[in-house]
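Here is the structure we will look at.
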Amino acid sequence: MPRYTLPDGSMQEFAAPATVANIATAIGAGLARAAVAGRVDGCLVDLDTPVANDAAIEIVTPTSAEGLEILRHSTSHLMAHAVKELFPTAQVTIGPAVADGFYYDFDYERPFTPEDLTTIEARMEEIARRDLPVVRQVMGRDEAMAWFHSIGEHYKAEIIADIPADQTISLYRQGEFMDLCRGPHVPSTGRLKVFKLTRLAGAYWRGDSKNKMLQRIYGTAFPDKKALTAYLTLLEEAAKRDHRRLGKELDLFSIQDDAGGGLVLWHPMGARIRQTIEDQWKQAHREAGYEFLFTPHMANLDLWRTSGHLDFYRESMFNPMTVDEQAYQIRPMNCPFHILVFRSKIRSHRDLPMRWAELGTVYRYEMSGVLHGLFRVRGFTQDDAHIFCRESQIEEEISAILDLTLQTLRTFGFARFEINLSTRPEKSVGSDAIWEKATAALRGAITHHGLEYIEDAGGGAFYGPKIDVKITDAIGRKWQCSTIQLDFNLPERFDIGYIGEDGSRHRPIMIHRALMGSLERFFGILIEHYAGHFPLWLAPVQAVVLTITEAHNDWAVEVARRLRVAGLRVETDLRNQKVGYKIREHAMRKTPWLLIVGEREQAEGAVSPRDRHGKEFGLIPVEEMIQRMSQEIDARN
RNA sequence: GCCGACGUAGCUCAAUCGGCAGAGCAACGGAUUUGUAAUCCGUAGGUUCGGGGUUCGAUUCCCCGCGUCGGCUCCA
């Protein structure tokens, strides 16, 4: 008499071993209908799996992350099934669920077309209507390989060869279609109702550019129509916020062939925003006890040899140039220069910690195909800093950096963070002792802030552990900008040291950190986060004074002058146009405040403000308006 | 770099089967003196991404190049 424990602690008792589906039915018909798989003592299984003994049972539905993943994975099989029916000579390869849906890679003699996608989708719907049971079966390794070879699915056979010997080889059959898969899967194709094929792409077999290029079809699936619609709406919203589009519309920046791909030209309005960002950054760093450095954009190649970049970073570097028969390298990083400054004289333990920041522009070679607006470029400015400190100072410094990081990100309107701690990888430099000590210090700094974190064991760089901070934007997308990395390698390579209290020479700890990462990329993220509606303190034009008729020009100019004196970025619009015309234009430029001046305003020394949402405020004296705007700006922190 | 799609005026887009390259917005000129998201009239604007080919004739078809966009890690 097996007894099954449910997540809420209650029990279900059966006379004989039941399947997961039976248990779901016993709990409720609605749950049974929604169920896609089960979790038995923590392991995901198909619904028709019998559970012989007492066990903890959980019914998995598409409302959970793993249930949705199963739904999508099953939909990818459905797609492969449809493709095999329509194009029998296509070979199936792999087809997992991914973040927003799923994909399946095929090897086929000709490229698929967008029309094929429509056909495949229609066939998928048809197969779903057949409501074919999806059945798991286990096969011997050799038998499975032979069978896949016999039906011409050589990729599948190759995959089997790579599956560890201790793992069971399972296959899933739906009608005539049988695919190698670990599972679990939905019980029948009829369960797949809401899906959509989204795009075609090339993808290398096993992600390796040395291998054959396969054809990838992306799609997505959801538990219900509403969720799919919501997803498509999000995509539209993201497209509306696209920084490349807004960058053009608002005249913020451009990237032109005449200069080169991945090289950003900041136009005046974009440059204003950047200056505001930089001012904010500098102020925060001064307050946090940083000094600023300026270092060159290129250096003798030997410097990069010493730093080791020439060995392990070469494919991201531009080729060196020749200067007076010497090789020079445009910089992909700033750190070696900061080390040279450190090394320029003898340092005492009393000097430490030293915090040196630089808005350092670097150049990195990116393959032409990966360049993408401001997000992936070849020249960008890092808000870089290096802290040289003693071992005993690590935790305190990391803690201070975390403070500065979160404070900075909050200022820019990000409130949700995800913190990742990456620890020692297999290949690494530095002693066990220092790794342990440093990792503990990082962990300590995070918990000291009362923050949650995700530990990525073995995910650190070879030269030290690190903390990465991800932010969530206004439409829920995550971006990693901030990084705090310990470095046990460069101090060694450059043989830097300080004189300790004991009079002997010690190796300092070096911390690399960037809060925004790349100014270009961060700017792109800000544009999309705010959808171009920058908060007042960042807006390139904070207010436009616009007149009703020419009779009010003098007053408009005077209003603008007073705002400007108060430190506000203001323009006038004196054109002989109707107010509606001018309002529309400035509204489209997303100007936060429009200050309308006419007869009444002029007579009373006032303006009639209109905010970016179209809200009107009546007559307000100029000085009061200045005060209101100043308060709005000060509220950013 | 590789696979696929795309490339027409500053922007957004049209141009039937291969037959005179167009519209709206923006720009410029003029009129209008206007109260909360587009006043009217006019003018100008083109190497149809570049090069080559097929053709009487190419924005259109073919080849090469350049660029843009979507992808190329997420394990069967």
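The values are calculated or read from the model by the stated rules, or taken from the named source; none is laboratory data. Only a predicted model underlies this, so the values are computations on that prediction, with no experimental measurement involved. Cβ atoms come from the backbone with ideal geometry, glycine included; neighbour counts cover every protein chain shown. SASA here: full protein model, heavy atoms, side chains in, ligands and nucleic acids out. Shrake-Rupley method; radii C 1.70, N 1.55, O 1.52, S 1.80 Å.
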field: Residue check, A:V545 more than 30 Å from A:F414 (Cβ to Cβ), among the aliphatic types (A, V, I, L, M), more than 9 Å from RNA strand B (Cβ to nearest atom) and surrounded by fewer than 16 Cβ atoms within 10 Å (Cβ to Cβ)
entry: no
- prompt: Among all residue pairs at least 6 apart or on different chains, which show Cβ distances below 8 Å where the first residue, located in the range A:179-195, is in a strand (DSSP E or B) and the second is more than 16 Å from RNA strand B (Cβ to nearest atom) and open to solvent by less than 20 Å² (accessible area, probe 1.4 Å)?
  reply: A:V194/A:L228; A:F195/A:M124; A:F195/A:L228
query: Taking the range A:199-251 on its own, how many of its residues are closer than 30 Å to A:E585 by Cβ and of a type outside the set (A, V, I, L, M)?
result: 13
- prompt: Is it the case that some residue within the range A:224-233 is closer than 30 Å to A:D131 by Cβ and within 15 Å of RNA strand B (Cβ to nearest atom)?
  reply: yes
message: If I ask for residues that are more than 10 Å from RNA strand B (Cβ to nearest atom) and either closer than 16 Å to A:I525 by Cβ or within 24 Å of the chain's Cα centre (by Cα) (or both), which ones from the range A:248-268 would you list?
response: A:L250, A:L252, A:F253, A:V264, A:L265, A:W266
- request: List the strands (runs of 3 or more DSSP E) that sit entirely inside the range A:437-526 and contain at least 3 residues that are farther than 30 Å from A:I255 by Cβ, free of Cβ contacts under 8 Å to residues at least 60 places away in the same chain and open to solvent by 10 Å² or more (accessible area, probe 1.4 Å).
  value: A:454-456
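Conditions (1) open to solvent by less than 50 Å² (accessible area, probe 1.4 Å); (2) of a type in the set (K, R); (3) over 21 Å from A:Q137 (Cα atoms), marked per residue:
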residue	(1), (2), (3)
A:D8	no, no, yes
A:M11	no, no, yes
A:I23	yes, no, yes
A:G38	yes, no, no
A:P50	no, no, no
A:L71	yes, no, no
A:S74	yes, no, no
Residue in the range A:152-173 that is surrounded by the most Cβ atoms within 10 Å (Cβ to Cβ), counting only those that are among the small types (G, A, S) and within 14 Å of RNA strand B (Cβ to nearest atom): A:A157
message: When you scan the range A:128-135, do you find a residue that is surrounded by 19 or more Cβ atoms within 10 Å (Cβ to Cβ) and not in a loop (DSSP other than H, G, I, E, B), even just one?
response: yes
message: Suppose the filter is over 29 Å from A:T229 (Cα atoms) and out of contact with any helix residue (DSSP H, G or I) (no Cβ under 7 Å at 6 or more places or on another chain); does A:D41 pass it?
response: yes
field: Residues satisfying the stated conditions in the range A:350-386, i.e. touching a strand residue (DSSP E or B) at 6+ places or on another chain (Cβ under 6 Å), open to solvent by less than 30 Å² (accessible area, probe 1.4 Å) and either more than 17 Å from A:A514 (Cα to Cα) or within 16 Å of RNA strand B (Cβ to nearest atom) (or both)
entry: A:L352, A:G379, A:F380
field: Members of the range A:602-618 found to be closer than 15 Å to A:W555 by Cα, surrounded by fewer than 16 Cβ atoms within 10 Å (Cβ to Cβ) and touching a Pro at 6+ places or on another chain (Cβ under 9 Å), listed by number
entry: A:E604, A:G605
- prompt: Is there a residue in the range A:56-67 that is open to solvent by 40 Å² or more (accessible area, probe 1.4 Å) and touching a Pro at 6+ places or on another chain (Cβ under 7 Å)?
  reply: yes
message: With at pLDDT 90 or above and either part of a strand (DSSP E or B) or hydrophobic (A, V, I, L, M, F, W, C) (or both) as the only criterion, which of A:Y155, A:Y172 stands out?
response: A:Y172
- prompt: Restricted to the range A:595-637, and to residues that are of a type in the set (A, V, I, L, M) and without any contact (Cβ under 8 Å) to a residue 24 or more places away in the chain, which residue is farthest from RNA strand B (Cβ to nearest atom)?
  reply: A:A635
query: Quick one: what pairs do we get from the range A:530-547, first residue farther than 14 Å from A:H243 by Cβ, second in a loop (DSSP other than H, G, I, E, B) and among the hydrophobic types (A, V, I, L, M, F, W, C), C-beta under 7 Å, 6+ apart or different chains?
result: A:Q542/A:L536; A:Q542/A:L568; A:A543/A:L568; A:T547/A:L574
message: When you scan the range A:174-191, do you find a residue that is assigned by TED's automatic domain parsing to the domain that holds A:S76, of a type in the set (D, E) and surrounded by 11 or more Cβ atoms within 10 Å (Cβ to Cβ), even just one?
response: yes
statement: In the range A:103-125, anything more than 9 Å from RNA strand B (Cβ to nearest atom) and either in contact with a strand residue (DSSP E or B) (Cβ under 7 Å, 6 or more places away or on another chain) or of a type outside the set (D, E) (or both) is listed as A:F106, A:D107, A:Y108, A:L117, A:T118, A:T119, A:I120, A:E121, A:A122, A:R123, A:M124
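Only strands (runs of 3 or more DSSP E) wholly contained in the range A:211-325 count here; list those with 2 or more residues that are in contact (Cβ under 8 Å) with a residue 24 or more places away in the chain.
Hits in the range A:211-325: A:213-222, A:298-300.
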query: Which of (1) surrounded by fewer than 17 Cβ atoms within 10 Å (Cβ to Cβ); (2) touching a Ser or Thr at 6+ places or on another chain (Cβ under 8 Å) does A:D107 not meet, given it meets every other one?
result: (1)
- prompt: So which of A:E571, A:E550 ends up being within 12 Å of RNA strand B (Cβ to nearest atom) and either farther than 26 Å from A:A635 by Cα or open to solvent by 20 Å² or more (accessible area, probe 1.4 Å) (or both)?
  reply: A:E550
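Tally time: how many residues in the range A:136-151 are open to solvent by 70 Å² or more (accessible area, probe 1.4 Å) and either touching a Phe, Trp or Tyr at 6+ places or on another chain (Cβ under 6 Å) or of a type in the set (S, T, N, Q) (or both)?
Here the count works out to 2.
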- prompt: Which one of A:A144, A:A128, A:A99 is of a type outside the set (D, E, K, R) and away from RNA strand B (no atom under 15 Å from the Cβ)?
  reply: A:A128
message: If A:E291 meets every condition in (1) within 30 Å of A:D162 (Cβ to Cβ); (2) exposed (fewer than 14 other Cβ atoms within 10 Å of the Cβ); (3) of a type outside the set (S, T, N, Q) apart from one, which number is that one?
response: (1)
message: If A:F337 meets every condition in (1) over 23 Å from A:C389 (Cβ atoms); (2) among the aromatic types (F, W, Y); (3) open to solvent by less than 70 Å² (accessible area, probe 1.4 Å) apart from one, which number is that one?
response: (1)
